[in-house]
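Notes for the one structure printed next.
The values are calculated or read from the model by the stated rules, or taken from the named source; none is laboratory data. A quick note: this is a predicted structure, and the numbers were derived from the prediction, not measured. Quick reminder, even Gly has a Cβ in these numbers, built from the backbone with ideal geometry, and neighbours come from all protein chains shown. For accessibility, only protein heavy atoms count, side chains too; no ligands or nucleic acids. Shrake-Rupley method; radii C 1.70, N 1.55, O 1.52, S 1.80 Å.
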Amino acid sequence: MNRTATAILTADWHLSEKTPLCRTDNYQETMARKIEFIWNLQKENKYCPLLHSGDLFDTWKSSHALVAWAIEHLPGSFVTIPGQHELPGHNPALLYKTNLNVLSTAERITLLSPSFYTSIPNVLVYGIPWGLLQEGLQIINNMKLKKTDKLILMIHELFQSPKEKQNPFIEQIMELDELFDSVPEQCVGILAGDNHQTFQVRHGKRWFLSPGSLMRMDADQYKHQPKVFLWYADTNELEAVEIPIEKDAVSREHIKEMKERDARIESFINKISTEYKITLNFEHNLKRFFRNNKTRKPVQDIIWEVIE
């Protein structure tokens with residue numbers, strides 16, 4: 001007999017009408033297929049809630065067409081929080097201007113904030129949007145919880161896996177051990193968005209989960225396997241479900257092209273600075289370079305457009 005999940009856990013869908021440089025497929029059609037796969041998984045689990053931990057959209061001001069598409073195609077019982085991509089200027093106070101507010105007003109999603117939580121069967125779900133972690137932790141610790149309550153915390157902040165080499169350019173807002181110590185004992189799991197890599201950490205009987213991004217949006221994600229996770233409240237277990245992908249849909253060719261372009265730009269700058277008598281008029285210097293090097297008109301047009 002198949003078990004029925006209490007919830008499906010995911011994050012970082014980054015719905016967008018733009019196609020990343022690394023993609024060789026029809027990005028929007030691929031995105032739609034993945035969401036349909038999750039929709040079907042939800043149906044198989046008796047329409048259990050879907051918990052999404054931020055950055056549903058890639059920008060706070062998507063087109064009306066994309067917002068309408070989301071209203072029509074998102075899975076049901078959709079619970080989410082704002083990520084920084086969905087906030088104007090990364091400012092939580094401007095949430096009212098966003099795509100998420102439209103979906104929430106249309107009652108298509110449940111949008112959580114530090115002052116509002118929801119519940120799914122026998123479980124409380126509390127959300128902390130990007131930029132409000134300390135405020136949210138303070139509120140959650142002041143909640144009057146029963147000892148028998150179970151709580152899932154959804155946050156959107158960047159945490160790195162302790163098993164991976166730490167990125168020196170990323171400063172975590174706190175360590176995972178400190179995070180676990182900062183939440184009530186009734187919190188059985190923490191679902192975190194923002195890190196597009198998939199990893200989970202156990203802390204006693206509790207878990208921390210970074211589900212990773214739904215789409216492979218960068219060339220360095222060419223080995224990334226998108227997943228969602230089924231969560232079973234009775235045992236507090238997580239079950240990973242891989243989302244089908246086409247491995248050849250991500251290319252690294254554009255990186256080579258960018259390196260070659262950068263090399264040409266560097267050579268261009270070196271020639272200007274070393275091979276020609278430089279006057280105080282930049283435009284005159286540039287025109288002389290074009291003339292002496294027989295620079296094609298389309299290239300000249302692009303350069304003039306950039307410097308204007």
Original post:
Is it the case that the range 24-38 has a residue that's among the aromatic types (Phe, Trp, Tyr), open to solvent by 50 Å² or more (accessible area, probe 1.4 Å) and farther than 18 Å from His224 by Cα?
Top reply: no
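Conditions tested, residue by residue: (1) open to solvent by 40 Å² or more (accessible area, probe 1.4 Å); (2) hydroxyl-bearing (Ser, Thr, Tyr).
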{"position": "Lys43", "(1), (2)": "yes, no"}
{"position": "Ala65", "(1), (2)": "yes, no"}
{"position": "Gly83", "(1), (2)": "no, no"}
{"position": "Leu87", "(1), (2)": "no, no"}
{"position": "Ala106", "(1), (2)": "yes, no"}
{"position": "Ser115", "(1), (2)": "yes, yes"}
{"position": "Gly136", "(1), (2)": "no, no"}
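Being of a type in the set (D, E, K, R), surrounded by fewer than 18 Cβ atoms within 10 Å (Cβ to Cβ) and within 26 Å of Trp60 (Cβ to Cβ) is the requirement here; does Glu185 meet it? Spell out the reasoning first.
Details: of a type in the set (D, E, K, R): yes; surrounded by fewer than 18 Cβ atoms within 10 Å (Cβ to Cβ): yes; within 26 Å of Trp60 (Cβ to Cβ): no.
Criteria not met by Glu185.
If you check Asn26, Asn45, Asn40, which single one turns out to be without any contact (Cβ under 8 Å) to a residue 12 or more places away in the chain, polar (S, T, N, Q) and closer than 16 Å to Val241 by Cα? Full working, then the answer.
Values: Asn26 fails: closer than 16 Å to Val241 by Cα; Asn45 fails: without any contact (Cβ under 8 Å) to a residue 12 or more places away in the chain.
Only one candidate passes the filter, namely Asn40.
Restricting the search to the range 117-129, which residues are part of a loop (DSSP other than H, G, I, E, B) and open to solvent by less than 30 Å² (accessible area, probe 1.4 Å)? Steps first, please.
To start, the set of residues in the range 117-129 that are part of a loop (DSSP other than H, G, I, E, B) comprises 121-122, 129.
Residue satisfying the conditions is Pro129 alone.
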**OP:** Return yes when Glu171 is in contact with a Pro (Cβ under 8 Å, 6 or more places away or on another chain) and either free of Cβ contacts under 8 Å to residues at least 40 places away in the same chain or part of a strand (DSSP E or B) (or both) and no when it is not.
**Re:** no
Original post:
Can you name the number of the only condition in (1) crowded, with 17+ Cβ neighbours inside 10 Å; (2) in contact (Cβ under 8 Å) with a residue 40 or more places away in the chain that Met143 fails?
Top reply: (1)
Original post:
Thr98: open to solvent by 40 Å² or more (accessible area, probe 1.4 Å) and either modelled with pLDDT of 95 or more or within 23 Å of Gly136 (Cα to Cα) (or both), yes or no?
Top reply: no
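Consider the range 1-28. How many of its residues are assigned to a strand (DSSP E or B) and under 15 Å from the mean Cα position of the chain (by Cα)?
Restricting attention to the range 1-28, the residues satisfying the condition of being assigned to a strand (DSSP E or B) are 7-10, 15, 23.
When the remaining residues are screened for being under 15 Å from the mean Cα position of the chain (by Cα), the result is 9-10, 15.
Residues that pass the stated criteria total 3.
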